[in-house]
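One structure is given below, encoded as structure tokens.
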Amino acid sequence: MNEYISSMKIIRSRRKTLSIEISADGSLIARAPMRMKNADIISFAESREKWINEHIQKIKRNAVQECDILTPAELRECAERAARIIPQRAAYYAPLIGVTYGRITIRCQKTRWGSCSATGNLNFNCLLALAPPEVLDSVVVHELCHRKEMNHSPRFYAEVLRVFPEYDKWHSWLRENGAALLRRAGRV
């Protein structure tokens with residue numbers, strides 16, 4: 001039996017279904033109906049062993065990244081790197097999209113990866129410099145496309161995908177890993 005399953009906490013209630021969850025610290029919790037047998041609960045957990053292991057490993061990877069908090073000097077270096085890279089990428093993609101833009105500002109933000117003002121000024125999170133280059137490009141393209149469509153309509157995403165066909169892949173990477181980057185800056 002898997003070590004996580006053998007140490008699983010079982011919480012019984014008036015519920016009718018059985019569920020397995022993984023807490024933030026990586027421990028396993030089974031929520032079960034009052035009269036369900038322990039053997040049935042363990043059997044259910046064992047049938048989900050692959051899913052359990054994958055998610056516990058993901059939590060452990062994020063915990064390691066969380067411990068690796070950037071120092072103020074490292075954060076400044078990250079911002080300087082972003083300030084060198086992002087304007088170059090914006091200058092590359094703007095003609096492909098057929099737009100212009102105003103000022104580019106780089107900040108260490110708590111929640112946003114980028115934004116575009118109504119006047120065409122672009123803001124980007126310096127932590128993008130820690131992400132794969134394709135992630136940075138996906139955010140730059142996203143914000144530049146707002147110069148054509150100041151919304152998230154199907155037309156907006158059609159333009160994003162026209163210029164950056166792998167957008168969905170790298171946007172997903174950012175959704176899955178972005179919180180760990182924010183933790184490294186002490187932002188979450």
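The values are calculated or read from the model by the stated rules, or taken from the named source; none is laboratory data. None of these values were measured; they are calculated from a predicted model. We place every Cβ from the backbone using ideal geometry, glycine too, and count neighbours over all the protein chains shown. Calculation scope for accessible area: heavy atoms of the full protein, side chains included, ligands and nucleic acids excluded. Shrake-Rupley method; radii C 1.70, N 1.55, O 1.52, S 1.80 Å.
A single entry from VAL135, VAL99 fulfils the requirement of being in a helix (DSSP H, G or I) and touching a Leu at 6+ places or on another chain (Cβ under 9 Å): VAL135. Only one residue in ARG103, ARG107, ARG89 is among the basic types (Lys, Arg), free of Cβ contacts under 8 Å to residues at least 60 places away in the same chain and buried (at least 17 other Cβ atoms within 10 Å of the Cβ). Which one? Only one candidate qualifies: ARG89. Count of region 121-132 residues, restricted to those that are in contact with a Cys (Cβ under 7 Å, 6 or more places away or on another chain) and either part of a helix (DSSP H, G or I) or modelled with pLDDT under 95 (or both), is 4. In this structure, is ARG112 in a loop (DSSP other than H, G, I, E, B), within 13 Å of the chain's Cα centre (by Cα) and more than 18 Å from PRO95 (Cα to Cα)? So ARG112 passes the test. Going by the conditions given, is GLU21 at pLDDT 85 or above, within 27 Å of ARG183 (Cβ to Cβ), open to solvent by less than 80 Å² (accessible area, probe 1.4 Å) and of a type in the set (D, E, K, R)? Yes: the conditions hold for GLU21.
Under the condition of being modelled with pLDDT of 90 or more and either aromatic (Phe, Trp, Tyr) or open to solvent by 80 Å² or more (accessible area, probe 1.4 Å) (or both), the residues counted in region 25-37 number 3. Can you find a residue that is acidic (Asp, Glu), open to solvent by 60 Å² or more (accessible area, probe 1.4 Å) and not in a helix (DSSP H, G or I) anywhere in region 163-170? The answer is yes; a qualifying residue exists. When each of ALA118, ALA158 is tested for being over 22 Å from ARG183 (Cα atoms), free of Cβ contacts under 8 Å to residues at least 60 places away in the same chain and part of a loop (DSSP other than H, G, I, E, B), the lone residue that passes is ALA118.
Among the residues of region 171-188, those that are open to solvent by 30 Å² or more (accessible area, probe 1.4 Å) and part of a helix (DSSP H, G or I) comprise HIS171, SER172, TRP173, ARG175, GLU176, ASN177, ALA179, ARG183, ARG184. In the condition set (1) open to solvent by 60 Å² or more (accessible area, probe 1.4 Å); (2) farther than 17 Å from ARG107 by Cβ, LEU130 is compliant with all but (2).
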